[in-house]
Each structure stands twice: as structure tokens, then as C-alpha cells.
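First the structure, in the form of C-alpha cells, and then the observations on it.
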Amino acid sequence: MWDDLKRRGAAAEGREILSLFEEGDRAASFSATFGGMLFDYSKTNIDDGTMAALLRLAEEAGVADRRAAMMSGEKINETEGRAVLHTALRNLDGGPVRVDGRDVMPEVRATLDRMEDFARALRSGGFAGQGGPITDVVNIGIGGSDLGPVMAVQALGPYCDGPRCHFVSNVDGAHVHDVLERLDPTTTLVIVASKTFTTIETMTNAETARAWMADRVRDPGAQFAALSSNRDATAAWGIDESRVFGFEDWVGGRYSVWGPIGLSLMLAVGPEDFRAFLRGGQAMDRHFREAAFAGNLPVLLALVGIWHNQVLGYPTRAVLPYEQRLLRLPAYLQQLEMESNGKSVAMDGTPLETPAGPVVWGEPGTNGQHAFYQLIHQGTQVVPCEFLVGAEGHEPALAHQHRLLVANCLAQSEALLRGRPLGQARVLMAEKGLEGDELERQARHRVFPGNRPSTTLAYPKLTPEVLGMIVALYEHRVFVEGVILGINSYDQWGVELGKELALALDPVLQGQKDTAGKDGSTAALVAYMRDHGLG
Ligand SMILES: O=P(O)(O)OC[C@H]1O[C@H](O)[C@H](O)[C@@H](O)[C@@H]1O
């Protein structure tokens, strides 16, 4: 299968994507729609034969069986012995979902109800701070306990009518300092968000916030809430059970925004809009489960990803939302995709047959256009681009700006496709009055190779429901790519070593231990820090 795809990849090297548009209605054949969204992958070098081969790859890899296994609560996260059931968190009106024979849905619904009661009380002033109604919420968490809510709260700015939400993640004291400095502790709720409730960054920042609160508030604990699957630890930390929202180990950190980790989002937008976000996710789940692969958005997105990274060897992919409020989507997807699929061994521990996990990066358009698009258009590396764009903005009075935004997005994928050949560049230079060698030299700098692939995910408007669909779409894309590559997308052992070494370095930096056993570079860096003011 891979050999066949590699052959097709080699054949595609010398082919113009633009030439593929000469046959039939390519834009219609190489696109799919769902829930008002259009996923257009026609501007890639995938032809009918390649598409058929990619679909066969997904079939033969057992995506359908694995999908059923995931959604029915089997322990597909084999290295941690856990089920993978973030879909249960948005299974609003679905049937039972069993883990070890027990239906988890009653508890999921009960927790969602408790979150909603709390959100309503807080948003209406029924739950207040010791200085009055809650004006500000600080979510302290990192990784999956930060990126989902921070991304979604920004994305849904027009729907935010609750307290202002702030996010503290970095262990760098500057982060917590700069956030708390602007707030009044007597009207602030601090949410400690940590699945394990042991993450050093989060627990350190939480202690700092508690001390800040204790300075001005009689009962600081009363203005703390916890989101965790480690109830013993939340109790030991002193957070009252009524403000602890728990979840089970079958919710992976980077898949957790749909449940208690999404509390800050719910507080910001309100329970109804949070439910709309869940509904969007659930709709995508249904589509993923039911649609034939050839029209299945997550499957198609995954197959395009596999084609670009594993078959053609493009090492990165850029996520380029033409939607300022999706500012943090690239960071969110970096964790989702790179922590899930950045692995070197297959489920059985043997080395992978194919390389896995492209580097994911990006920035909102049009900002990126004035920065790194130079490399995307004229650099020596091919960067497959994934554009996202909405037909309608949230500012009717600024519809002309939105049109300009859309024009830029569409123009970029067109420019990547068409490029500008040398002949055209020469004409341009001749028009400027250049001649001879100088014309030739200047023209060469103005050539765009074109034939560079991109996809566009177009949606009507970035509502809570549409955001839910987009996030779930990318989650399932990761799943499909993971199954095809044969890896476990749901563990993250690669983050552990650095944590262990950081803990071991603390006493060394304090001077309680020497640098014996450290490599020369690390020892020299320790010495530098100690000589230059490390506290
Ligand atoms: O939610 P927590 O247990 O605090 O974990 C926070 C984050 O840290 C871990 O090291 C993992 O890399 C992430 O997947 C996780 O989301």
C-alpha cells in the first residue's frame, strides 16, 4: 500500500496541480460538506487514483473498527490501559457509553448539570466573591488544561457575556504576576485546572494565587474551584467538594475542553452557548461515525495530511485561520496533533514503518502574510497550508473588512496554486523599463514556483456550534492519522523525561547538590545562572 502511494507521490512530483482542474468539476469532486462547512482539498496534487489508494489505506488500516472500539469505550490507549471517550462528554442526547460494563453517561450528565448550576449562580451573582459579584476568573492550568479553554474563550469573544476570563499557564512567575496584578482578589474566582492535580507549574501557580488571595480575603479557599480527576488531591489542597468538578481518566488532557476543563469557557459564554459548542462536537462525531470515508471530513483531512507528510515528505504543515479570534488555534492544534502523533514506535513497541507527525505551526491571516508567507511562496521547502475562513464576521458594520479578509485568504491559496512563471515576471520587469541582464536578474526574484498545495475549510460563521465542529474535526483527524500510522495517539511519554530532570536540577540550582554526573554544557549553564543572579 505504502509502495503504491510512494509511486503515486513520485508521479505527482512532476505534475501541475492546476492541470488537474482541466478534467471534470474538480472543485466539486475533491471537496466535501458537512454541517454547513465546506472542506476543499482540490488544490492538492491528489488525483482520482491517489484518492482511491488513500481511501484503501484507511480501510486496510482498520480505521472503522478502531473508531467503533474508541467510541464504545474499549481501552485503545493501551500503554496507559485507558479508554478514550472525550466523545462521551458531548454525547448530549446519545445512548449509554460503557467503560468496564458501566454506563458513564449518568455521571457525565450530572457533572455537566453541576457545572451549569455553578455557572448560572456565578453569572447571576448568586455565587459571589467576598467583595461582591465575581468580575474575573483566572484559570490556572497548562497544556490540555489551558489551551482548549484559552483558545475557545478567544474564539467565542462575541458570545462572552460573563466574567472576564484570564489564563495562567507558564511556571514563569511573570505570567501569574502580570495576570493577578490587574485583578481584585475579592471579586476573583481562581480555577485550578489539572487532570492529575500534580503538575508542578499549575500547583506552583495555584499556591501563588492562594497567597495573593489570602492577603486580602478572609476565606481564600471559598473563591477557588478545581477541575481534576484526582479528587483526593483536590480535597487535600482544601477545595470544597461543591466546587470540584471531576472527570475520569478516559478523558485525555488535550481532549478535555468538552468537560469540566471547559468551565472557564462556560462561565464566559454561559451554559446555553457551551451546550451549543458540545452540540457541534457531537454533530461531528455523528458525521465521523456515519459518513462514508469518501465524504467524511475527518477522514479526508487525515488522508490529505498523510499524503503530504508521509508520502510526499513535506515536514511541516501550516494552520492559517483567517479569523483573528482563532489566534490560539495553531497552538491548540500543536498540542492536539504533535503530542498525539509525535511518536516513533508502533503500538506494539516496534519502530514505525513510516515517519510520523509533521510539525504543525501557524498564525492567523492576514498577519502571517506580512511575515512568514515569503517562505511559503518562494522558499525551498513546500509547506502544505490549511486555511480556515468564515463567510460572515460578527461585526456587520465592518463587513467590508471581512470581505477584504476573505479576499486575502482566497488569494493566498490561488497564488500558491498558480504561482508566477518566469515569462510573466519578465513581462513585469519589461513594463518597468528594465532590459537585458538586469531584467533577467530582477525577474528571477519575482518568480513564484506555484504548484504548492493547500486546503480550505470554509464555514458560515464562527458560532459556538461551528467551533465545536472544527475542534472535533481536528480531533478525529488525529485519530485517523494515528490509526493509519499504527501508533497510540493518546499517551504522551515524551514529556516525562524533561519533567524528571527539572525536578532533579532544582537542588543543583539551589547549590544543595553539585553538578556531578551532569554533562559539561548543563554544568556550565548551572554555573552561569548561579553567577548571574539566580535566586
Ligand atoms: O492537566 P494536568 O494533569 O495538569 O496536565 C497538563 C498537561 O501536562 C502534561 O505533562 C501533558 O503533556 C499534557 O498532556 C497535559 O495536558
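All of the numbers you see were taken from the coordinates with simple rules; none came from a lab. All of these numbers come straight from a predicted model, not from anything done at the bench. Ideal geometry is used to build each Cβ from the backbone, glycine not excepted, and the neighbour counts take in all protein chains shown.
The table that follows gives values for the structure above.
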item: Estimated D of the chain in µm² per second, where Rh is the Kirkwood radius over Cα pairs and Stokes-Einstein applies at 37 °C, 0.692 mPa s; result: 130 µm²/s
item: Paramagnetic reach from A68 (point 7 Å along Cα→Cβ, amide N under 11 Å) across the range 292-319; result: none
item: Once the Cα gyration tensor of the range 126-263 is diagonalised, semi-axes √(5λ) in Å; result: 20, 18, 15
item: Length gained when the stretch A110-T135 is fully extended (0.36 nm per residue, less Cα-Cα span); result: 6.3 nm
item: Antiparallel DSSP beta bridges within the chain, as percent of all bridges there, nearest 5; result: 30 percent
item: Built amide H within the under 5 Å cut-off of L227, gap 5+; result: V192, A193, S194, F245
item: Nonlocal amide H pairs with E386, under 5 Å, H built at 1.01 Å; result: A318, V319, L320, T455
item: Coil-residue GluC sites (Glu not before Pro) of the range 322-371, DSSP, other Cβ within 10 Å capped at 11; result: E353
item: Burial ordering of T208, T188, T350, T50, fewest other beta-carbon atoms within 10 Å first; result: T350, T208, T50, T188
item: Two-site label geometry, K432 and T522: point separation in nm, points 7 Å out along Cα→Cβ; result: 5.3 nm
item: The chain, helix-only ellipticity at 222 nm - DSSP H runs n ≥ 4, -39,500 (n - 2.57), divided by all residues, nearest 500; result: -14000 deg cm²/dmol
item: Rounded, prolate or oblate (a/c below 1.5 giving rounded, otherwise prolate when a/b exceeds b/c) for the range 272-327 by Cα gyration tensor; result: oblate
item: Cβ-based exposure ranking for K432, K43, K75, in which fewest neighbours within 10 Å come first; result: K432, K75, K43
item: Gained length - R446 relative to A346, 0.36 nm times residue gap less alpha-carbon distance; result: 31.5 nm
item: Rg and Dmax [Cα atoms of the range 224-374; Å; Rg one decimal, Dmax integer]; result: 19.0, 54
item: Long-range amide H partners of F127 with built H, under 5 Å; result: L122
item: Tally of Lys pairs whose C-alpha atoms are under 25 Å apart, taken over the chain, 8 or more apart or cross-chain; result: 10
item: For the range 388-522: rounded, prolate or oblate by the Cα gyration tensor [a/c cutoff 1.5]; result: oblate
